[in-house]
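The values are calculated or read from the model by the stated rules, or taken from the named source; none is laboratory data. Not measured: the values here are computed from a predicted model. Every residue, glycine among them, receives a Cβ derived from its backbone with ideal geometry; neighbour counts consider all protein chains shown. SASA here: full protein model, heavy atoms, side chains in, ligands and nucleic acids out. Shrake-Rupley method; radii C 1.70, N 1.55, O 1.52, S 1.80 Å.
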Amino acid sequence: MTTLHVKVEGTLFSTEKDVLMEHSEYFRALFQSGMKESSQDEIQLQSLGSMGFLIMLRVLAGERPILSCEEILQAVECAAFLQVELLTKHLVNLINSDNCVVMYHAAAIYGLLEVFHAAALCIRDIYDLVEEEVRCLPTDLYEYIDSLLPSTFVAVGAHTPTIEFLEDVSRTMCYLNEQENKWESLGCIPEHASTFLAGVATLDNKLFIVGGARGANKQVVEMSFCYDPDSHTWSDFACPHQLRYEVSLVGHEGHLYAVGGEFERVPLASAEKYSLSSQTWSFIKELPQCAAGPPATNTMGRIFICLWKPLDSTVIYEYDILKDDWISVTSIKRTQSYGHCMVGHNDNLYIMRNGPSDDFLRCTMECFNLTTQQWTALPGQYVNSKGALFTAVVRGDSVFTLNRMSTLVYKVEDNTWRPAKEKAGFNKGGHLHTFFLRLPRNKS
């Protein structure tokens with residue numbers, strides 16, 4: 001590879017020319033232009049901060065640095081000026097309640113549209129927390145946020161199709177009207193769809209149901225279903241090549257990932273991904289072991305899955321999309337329990353598991369920080385009465401959990417969950433699927 005020296009604000013950086021050409025539209029156009037700079041081994045960039053350029057090099061090298069507000073400003077400028085998609089994606093993944101307004105304003109100034117829209121959606125979801133800052137923005141930026149739809153908490157119970165069509169309440173999908181504190185209907189899932197042991201995930205503001213089973217004999221459902229809230233319509237699409245139920249489903253960057261599961265009561269290690277653009281399934285690298293319904297989540301633009309190993313080890317793996325491989329991230333020794341769940345918030349993974357067999361409604365929680373690679377046991381215990389924490393989903397800095405009695409909302413502060421408010425419960429028994437969708441203002 002050819003080494004290139006780039007001078008930015010008086011600082012000289014050494015990097016690989018091919019790497020810059022691969023990831024930067026600016027450098028690709030420059031080196032293919034035939035201009036004198038295209039053949040030089042040292043060039044100088046004007047009107048660009050050295051800090052932003054250094055952050056770009058770190059990201060291109062595979063790092064995922066956590067950035068301060070000043071670093072964000074320079075990184076946004078660099079991503080826009082040099083047109084570096086990988087840096088833009090990293091900035092999107094960093095958006096949180098502490099930096100969303102800074103990201104939004106900076107992206108508006110430099111025309112970085114992907115960051116601009118993602119930050120605006122984050123602000124819309126936590127508007128009450130950042131309203132004072134938003135009010136200081138230019139009018140057009142404030143109005144754009146106001147035009148967006150907020151995320152709404154949605155739930156559906158475990159439903160298995162019956163031989164005869166029944167207008168069963170278990171088929172009804174509902175959303176939480178937070179202002180009136182009541183659950184309202186979004187209509188029924190399709191007659192032949194099953195949410196019993198199904199993979200359920202959202203992607204691009206659509207709901208996807210993959211797999212699932214019918215009845216006690218666990219007959220696999222051979223069709224997948226998609227709900228579009230904008231048109232309030234359901235459609236079906238192809239099932240994975242390997243039929244499966246008790247499958248974990250994750251939506252990420254235009255793809256659905258169906259991981260593990262069972263078929264004819266045999267646990268599976270196989271995994272597949274579905275491309276929304278090509279509407280096709282393809283196999284990816286198998287899991288390190290067979291697993292039915294392994295806890296899975298995505299955060300910071302990364303996909304994680306949690307597996308039990310022999311001798312009571314819990315191991316977290318990351319799926320490396322570029323390498324098509326499952327990479328062991330961390331492990332911890334804990335006694336296997338009745339059930340456990342994993343949810344991501346910023347650069348933290350939270351693992352919840354119920355307590356010993358004599359107190360299985362009590363959950364313990366531990367946090368693994370992706371940046372420091374450190375585990376922390378959270379103080380206290382969390383009640384899992386009728387499924388509360390095993391439905392945990394995140395919006396901004398709030399975690400919504402649900403059972404028949406209440407929707408309990410936790411506030412994440414200093415990596416600790418603090419009960420913040422209580423809303424109406426969901427009066428349906430059994431396992432629940434919960435998620436967020438941006439619903440049209442007129443939901444009828």
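So the values come out like this:
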quantity	calculated
Filtered residues of the range 293-313 (kept if within 15 Å of PHE368 (Cα to Cα) and among the aromatic types (Phe, Trp, Tyr))	PHE304
Pairs with Cβ under 6 Å, 6+ apart, first in the range 225-242 and without any contact (Cβ under 8 Å) to a residue 60 or more places away in the chain and farther than 14 Å from ASN205 by Cα, second part of a loop (DSSP other than H, G, I, E, B) and among the polar types (S, T, N, Q)	GLN242/SER270
Residue within the range 173-196 that is in a loop (DSSP other than H, G, I, E, B), more than 27 Å from ALA424 (Cβ to Cβ), touching a strand residue (DSSP E or B) at 6+ places or on another chain (Cβ under 8 Å) and of a type in the set (Gly, Ala, Ser) present	no
The range 147-177, subset over 14 Å from LEU207 (Cα atoms) and modelled with pLDDT of 95 or more, residue most open to solvent (accessible area, probe 1.4 Å)	SER147
Test: residue in the range 408-425 that is modelled with pLDDT of 90 or more and closer than 21 Å to GLU318 by Cβ	no
Selection from the range 421-443 of residues that are over 22 Å from the mean Cα position of the chain (by Cα) and assigned to a strand (DSSP E or B)	LYS421, GLU422, LYS423, ALA424
In the range 39-60, the residues that are surrounded by 20 or more Cβ atoms within 10 Å (Cβ to Cβ) and assigned to a loop (DSSP other than H, G, I, E, B)	GLY49
Failed item in (1) open to solvent by 40 Å² or more (accessible area, probe 1.4 Å); (2) in a helix (DSSP H, G or I); (3) among the hydrophobic types (A, V, I, L, M, F, W, C), with LEU91 passing the rest	(1)
